[in-house]
Amino acid sequence: MAETRIDVQVEHKHTPPQAEKKHPNTCPRCGSHYRDDELAAALYVCGHCGHHFPMPARARIEYFADERSFAEEAADVRSEDPLQFFDLRPYAERLAEAELNTGLGEAIVVGAAALDGHPVELAVMDFSFMGGSMGSAVGEKFSRACDTATERGTPLVAVTSSGGARMQEGILSLMQLPKTVCAVEDLHDAGVPLLVVMAHPTTAGVLASFASLGDVTIAEPGALIAFTGPRVVQQTTREKLPDDFGLAEQNLRFGHLDAIVPRPEQRAYLARVLRLFA
């Protein structure tokens, strides 16, 4: 007797349609395509429509910092696997893969530098490392950057790009929110300014902690700045949201930002702010 087979397909009404895979250097707005060197030379900004591609942390540091002025700190701080977390793959394996693909030890790079001759402390996040998620190591490195800035009396420039807390570390990840907030509070008590540049996306735990505490806060055009994305909010509230919900432009209208500054203008803008604080 032939075996009877039943094919079952499950379709979820909220599942987003599968988008056609494009080369990562193809502009999602206008379709322009760039070589790696062209994109890097343009600061990862589309020359035709102004779309801001994700910018690697080290490339951004090279752009902000004066030549040969950056000295990385806390480079040996790495995430551990306290929960022995395993979903489809072990957490330790995901960490190793992220480090191999990005060349980074964690989702944030910190260190001392000079920006247009002004001594600063830099803390730059990289979304390509596990979605810029904030685990224990990210919180520790940012807190150390705050401590160093406080000791030296130099402004801290933070660039945020994150999907939120790193679930693989459970409550230890969530505890980085109060930890980083306390570090910024010590910074403010010492009279040291915090300048925040919000890149796409700045969401969830990072937005709910140190990203929102800058003395001066700017964002890149079109950056998503919200606790959660519009699709989740719309599914939860069942309300139609504005087309620019959560984007930098809406946040500027609501007074959450001081300015929206395109990437090629950010270095000059930060230098001007640093002169004012000096």
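For helix 91-102, what angle does its Cα long axis make with the longest principal axis of the chain, in degrees from 0 to 90 and rounded to 10?
60
Taking R0 as 35 Å, what's the FRET efficiency between Q234 and N101 from their Cβ-Cβ distance, rounded to 0.05? Could you put the intermediate results ahead of the total?
Values: r = 32 Å, r/R0 = 0.91.
Working from the Cβ atoms, E equals 0.65.
Please calculate the 1.4 Å probe accessible area of M130, with all protein chains present, and give it to the nearest 10 Å².
Counting only protein heavy atoms, the figure is 50 Å².
Does the stretch 170-228 come out rounded, prolate or oblate, given a ≥ b ≥ c as the square roots of the eigenvalues of its C-alpha gyration tensor, rounded meaning a/c under 1.5 and, failing that, prolate meaning a/b above b/c?
On the way: a/c = 3.49, a/b = 1.11, b/c = 3.15.
Cα axes put the stretch 170-228 in the oblate bin.
For the chain, modelled as a Gaussian network with Cα springs under 10 Å, which listed residue fluctuates most, F53, F227, F86?
F86
Tally up the carbon and sulfur contribution to the accessible surface of the stretch 115-232 as a whole percent, 1.4 Å probe, everything protein left in place. If you can, show how the numbers build up before the last one.
Details: 2350 of 3860 Å².
Accessible surface attributable to carbon and sulfur in the stretch 115-232 totals 61 percent.
Hey, if we sort K141, K179 by accessible area with the 1.4 Å probe, largest down, what's the order? Spell out each step's value before the answer.
Details: K141 5, K179 75 Å².
Ranking K141, K179 by accessible area, largest first, yields K179, K141.
Could you tell me what percent of the DSSP beta bridges with both partners in the chain are antiparallel, to the nearest 5? Walk me through the numbers on the way to the answer.
Values: 15 of 34 bridges.
Once the DSSP bridges in the chain are tallied, antiparallel ones form about 45 percent.
Mind checking the angle between helix 176-189 and the chain's longest principal axis? C-alpha axes, 0 to 90 degrees, to the nearest 10.
20
With all protein chains present and a 1.4 Å probe, how do D36, D66 order by accessible area, largest first?
Numbers: D36 110, D66 40 Å².
Ranked from most to least accessible, the order is D36, D66.
Rounded, prolate or oblate, given the Cα gyration tensor of the stretch 148-253, with a/c below 1.5 counting as rounded?
Details: a/c = 2.85, a/b = 1.54, b/c = 1.85.
Because a/c hits 1.5 or more and a/b fails to exceed b/c, the stretch 148-253 counts as oblate.
Determine the gain in length on full extension of the stretch C49-D116; use 0.36 nm per residue of separation and subtract their C-alpha separation, reporting nm with one decimal.
Contour length minus Cα-Cα distance gives 21.3 nm.
Which one, F64, H33, F85, projects farthest toward the positive side of the charge dipole computed for the stretch 15-85 from Cβ point charges (K/R +1, D/E -1)?
H33
Given a Förster distance of 25 Å, report the FRET efficiency between F227 and F85 from their Cβ-Cβ distance, rounded to the nearest 0.05. Mind dumping the intermediate values first?
Numbers: r = 24 Å, r/R0 = 0.95.
In this case the efficiency is close to 0.60.
Report, in debye and to the nearest 20, how large the dipole of the stretch 42-108 comes out about its Cα centre when Lys and Arg carry +1 and Asp and Glu carry -1 on their Cβ. Please report the intermediate quantities before stating the final value.
Details: 6 positive and 13 negative charges, 63 e Å.
It comes to approximately 300 debye.
Under 13 Å from the Cβ of L100, count the other residues' Cβ atoms, weight Lys and Arg +1, Asp and Glu -1, and hand me the total.
-2
So if we plug the beta-carbon distance of R253 and R275 into 1/(1 + (r/R0)^6) with R0 = 35 Å, what FRET efficiency do we get, rounded to 0.05? Each step should come with its number before you reach the end.
Working: r = 28 Å, r/R0 = 0.80.
Computed FRET efficiency for R253 and R275: 0.80.
Sum up the charges of everything whose Cβ sits under 11 Å from the Cβ of Y44, counting Lys and Arg as +1 and Asp and Glu as -1, but leave Y44 out. It would help to have the intermediate numbers written out before the result.
Details: positive: R60, R263; negative: D36, E38, E220.
For residues surrounding Y44, the net value is -1.
Tell me, how many Å apart are the Cα centres for the stretch 213-259 and for the stretch 80-105?
Using only Cα atoms, the two centres lie 30 Å from each other.
By the scheme Lys and Arg +1, Asp and Glu -1, what is the net charge of all other residues having a beta-carbon under 11 Å from that of D116? Each step should come with its number before you reach the end.
Working: positive: R267, R272, R275; negative: D66.
For residues surrounding D116, the net value is +2.
Under 5 Å between amide hydrogens, which residues at least 5 positions from V159 or on another chain qualify, with H placed 1.01 Å from N in the peptide plane?
Those qualifying (amide H under 5 Å, at least 5 residues apart or on another chain) are A123, V124, M125, V197.
Suppose we keep just the DSSP beta bridges with both residues in the stretch 150-277; what percent of those would be antiparallel, to 5? Write down the numbers at each step before the final one.
Values: 1 of 15 bridges.
DSSP beta bridges in the stretch 150-277 are roughly 5 percent antiparallel.
Does the stretch 38-145 come out rounded, prolate or oblate, given a ≥ b ≥ c as the square roots of the eigenvalues of its C-alpha gyration tensor, rounded meaning a/c under 1.5 and, failing that, prolate meaning a/b above b/c?
It comes out oblate by the Cα gyration axes.
Looking at the chain as a GNM with Cα springs under 10 Å, which of E80, E93, E249 has the largest mean-square fluctuation?
Among E80, E93, E249, the largest mean-square fluctuation in the Gaussian network model of the chain belongs to E93.
Which residue, V77, V197, V232, has the most motion in a Gaussian network model of the chain that connects Cα atoms within less than 10 Å?
Among V77, V197, V232, the largest GNM mean-square fluctuation belongs to V232.
Work out the length of the dipole vector of the stretch 130-278 about its Cα centre, built from +1 on the beta-carbon of each Lys and Arg and -1 on the beta-carbon of each Asp and Glu, and round it to the nearest 20 debye.
Values: 13 positive and 15 negative charges, 58 e Å.
The calculation lands at about 280 debye.
How much accessible area per residue does the stretch 72-188 have, in Å², with a 1.4 Å probe? It would help to have the intermediate numbers written out before the result.
Values: 4820 Å² over 117 residues.
Accessible area per residue: 41 Å².
From the protein chains alone at 1.4 Å, what is the descending order of accessible area for Y269, Y91, largest first? Kindly include the intermediate steps, with their values, before the conclusion.
On the way: Y269 45, Y91 0 Å².
Reading off the accessible areas and sorting them downward yields Y269, Y91.
The values are calculated or read from the model by the stated rules, or taken from the named source; none is laboratory data. Computed from a prediction, not measured in an experiment: that's the story for all the values here. Virtual Cβ from ideal backbone geometry, glycine too; neighbours counted across all protein chains shown. Ligands, DNA and RNA are excluded from the accessible area calculation, which covers all protein heavy atoms including side chains. Shrake-Rupley method; radii C 1.70, N 1.55, O 1.52, S 1.80 Å.
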